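Q: One structure is given below, represented as structure tokens, and several questions about it will come after.
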Amino acid sequence: MNLQWMVAVRPDKYQEVLTSLKKDKIEITNMLDSISVILVSTSHKKTEKIKAMDGVIGVELQGDVSI
Amino acid sequence: MSKKIKKDEEVQVEYTGRYIVLLPEQNTSANSVSTINEVSGLNLINSTEFENEVFTSKDLDACDGILLDKIGVAIVNKSVKFTNSISVLSDAHNMIIEPERVVYAINKLDEETESYVKGYRDAVNSLANILTEDQDAELEEFAETEGIDANAVLGATWGLKATQVIPSSLLFTNPYSGVGSKVAILDTGMDFAHPDFAGRPITQRSFIPNSPTQDRFGHGTHCIGTACGPKVPISPVVRYGVAFGAQIFAGKVLNDAGGGNDGQILAGINWAFSQGCSIISMSLGGATAGPGFSQIFEATAANLLNHGVLIVAAAGNDSNRPGTIRPVSHPANCPSIMAVGAVDQNMNMANFSNGGLFAAYGAVDIVGPGVAVFSALSTPHNIRMGPAGIIHGNANGTSMATPHVAGIAALWQQATGLRGRALWNKLTATAKPLPQHPRRDVGAGLVQAPKKRRILQFQPINRF
């Protein structure tokens, strides 16, 4: 089952990680270039592969927020 | 030292060699005198040590100086020690120091001198009245004499007064509006039809699918009103906006029910940063599932701080004090995001305000007014914030405290040019300590706006 994740990336590795995600056919839901964060929709298992990519600072599940 | 002036003699400003020191209002007179004594090495005494607080020039000559406790003024004899201390006392301790202009012998007065001394007495009495009268009365009189719209000066929310956006003393003025600052409020959007914002350029973007930025909930409009509302509202209500000159960036990251997710918040932050915003206000939060904080938000906020962008966020409203205190919400619990708690008008903790329960992270960094906060409401869809047709109203929450801090950050940015981490440090360094509460709950204290010392114009006394 796919879940919504946030991937924080070192700015100097942003394009490199983006390319790797596309190569692994991971669904990218939003590219937040200015802050070097990529939002993806994927399974928990695949996040382990993302975490191993060079330049990835962290991968976390998106949570809910409210007023 | 005395001098008699003939009727036809041109009035010349004469100095006695002494100094008059106007003590800062925020400190007690005793504390201020201690400061003077410590800095200058002098030993001022209190006028209460004299019978009926009456003293003579001989008494004054016999000591370093005398404190007039009731009006917060000290008369200090000239000395090398004091002269060398003037700049420190003035700059670091907010004291206003001026040479004493004239002093006449108080015994054996001729008719002319007696007349002059009475005039001098009346002037001092007048000054004492100004300094001790009720604040609103001071401001009302000032507004009248300066020809200022009384509503613009008098009418302000308690939050703007408590944070010194409207200085509490006539001796100070706040000339800052936040002009030049770009402030992003990431919330439920903005009511673009609100009359108080008519003609105001507002940059907007919605990150909620199929939902315009128009606020149909009310929360975003209320927060934008506090942070950047007008100096003089179109409607006949009190001033409620802090940085009326700042450029507004309204990002809709919460839906019309007030909910959203991390991805939408990050998208809003990304947009605000790309637009050049230096202050991002987020009156939102999510539950903290356990210990720790989001590495994603922390990395983002730390990176933005290094790029001169300050993010402030609500500490959260999950507590029920005094019995239950909940930890600071996500993402305010990130160390690089300034977490804002809430106090009420009496400087009591808001019963809902979360606390910094963990030593290493999730601290409350500062507090702002968060109870009975009056601001703009959206029209016509006030689903949660009030009945339709009402365009202003009160709300409670750390959500309301947060835009106070954001707006005041814009004022400080204008006043100092500081951004990012330096702006953070300025906000916490200038906050008003609230020692009655644990630091866990209030951080550095109540956020305070920058202000400037007003240049007092003394009018020559008409003696004849």
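The values are calculated or read from the model by the stated rules, or taken from the named source; none is laboratory data. As the structure is a computational prediction, the values presented were derived from the model and not from experiment. Please note: Cβ atoms are built from the backbone with ideal geometry, for glycine as well, and neighbour counts cover all protein chains shown. Quick note on the areas: whole protein, heavy atoms, side chains included, nothing else; ligands and nucleic acids left out. Shrake-Rupley method; radii C 1.70, N 1.55, O 1.52, S 1.80 Å.
Q: If you rank B:H437, A:H44, B:H93 by how much accessible surface each has, with a 1.4 Å probe, what is the order from largest down?
A: From most accessible down to least: A:H44, B:H93, B:H437.
Q: For segment B:15-94, take the convex hull of the Cα atoms, compute a quarter of its surface area, and give me that in nm², please. Could you put the intermediate results ahead of the total?
A: Numbers: hull surface 20.2 nm².
Orientation-averaged projected area of the Cα hull: 5.1 nm².
Q: Taking 0.36 nm per residue of separation and subtracting the Cα-Cα distance, what length does fully extending B:F358 through B:R453 add?
A: Taking 0.36 nm per residue and subtracting the Cα distance, the gain is 30.2 nm.
Q: If you keep only loop residues by DSSP, which trypsin sites (Lys or Arg not before Pro) in segment A:7-39 have at most 15 other Cβ atoms within 10 Å of their Cβ?
A: Here the trypsin sites (Lys or Arg not before Pro) that fit, given the DSSP loop and packing criteria, are A:K25.
Q: Next question, about the same structure. Given H placed 1.01 Å from N in the peptide plane, which residues other than close sequence neighbours of B:D215 have an amide H under 5 Å from its amide H?
A: Hits under the 5 Å cutoff: B:M190, B:D191, B:F192.
Q: Which of the residue pairs B:K182/B:K426; A:K13/B:K252; B:K252/B:K432; B:K426/B:K451; A:K13/A:K46; A:K23/A:K45 have a Cα-Cα distance greater than 22 Å in the structure shown?
A: Long pairs (Cα-Cα over 22 Å): A:K13/B:K252; B:K252/B:K432.
Q: Label-point separation (nm) for A:D64 and B:A287, each offset 7 Å from Cα along Cα-to-Cβ?
A: Each label point lies 7 Å from its Cα, and together they span 0.9 nm.
Q: Can you pull out the trypsin sites (Lys or Arg not before Pro) in segment B:385-443 that DSSP calls coil and that have at most 11 other Cβ atoms within 10 Å? Provide the component values of the computation, followed by the final result.
A: Working: sites: B:R419, B:R421, B:K426, B:R439, B:R440; in loops: B:R419.
Counting only loop positions with at most 11 other Cβ atoms within 10 Å, none of the trypsin sites (Lys or Arg not before Pro) in segment B:385-443 qualifies.
Q: Same structure again: To the nearest 20 debye, what is the magnitude of the charge dipole of segment B:15-94 about its Cα centre, counting +1 on the Cβ of each Lys and Arg and -1 on the Cβ of each Asp and Glu? Please report the intermediate quantities before stating the final value.
A: On the way: 5 positive and 10 negative charges, 55 e Å.
That gives segment B:15-94 a dipole magnitude of about 260 debye.
Q: A follow-up question, please. Viscosity 1.002 mPa s, temperature 20 °C: what is the translational diffusion coefficient of segment A:17-67 from Stokes-Einstein with a Kirkwood Rh over Cα pairs, rounded to a whole number of µm²/s?
A: Translational diffusion coefficient: 182 µm²/s.
Q: If the viscosity is 1.002 mPa s and the temperature 20 °C, what Stokes-Einstein diffusion coefficient in µm²/s follows for segment B:245-320 when Rh is the Kirkwood radius over Cα pairs? It would help to have the intermediate numbers written out before the result.
A: Working: Rh = 13.6 Å.
Diffusion coefficient, whole number: 158 µm²/s.
Q: Once the Cα gyration tensor of segment B:138-452 is found, what semi-axes does its equivalent ellipsoid get, as square roots of 5 times the eigenvalues, in whole Å, sorted largest first? Walk me through the numbers before you get to the answer.
A: Values: eigenvalues 142, 104, 71 Å².
Over the Cα atoms of segment B:138-452, the semi-axes work out to 27, 23, 19 Å.
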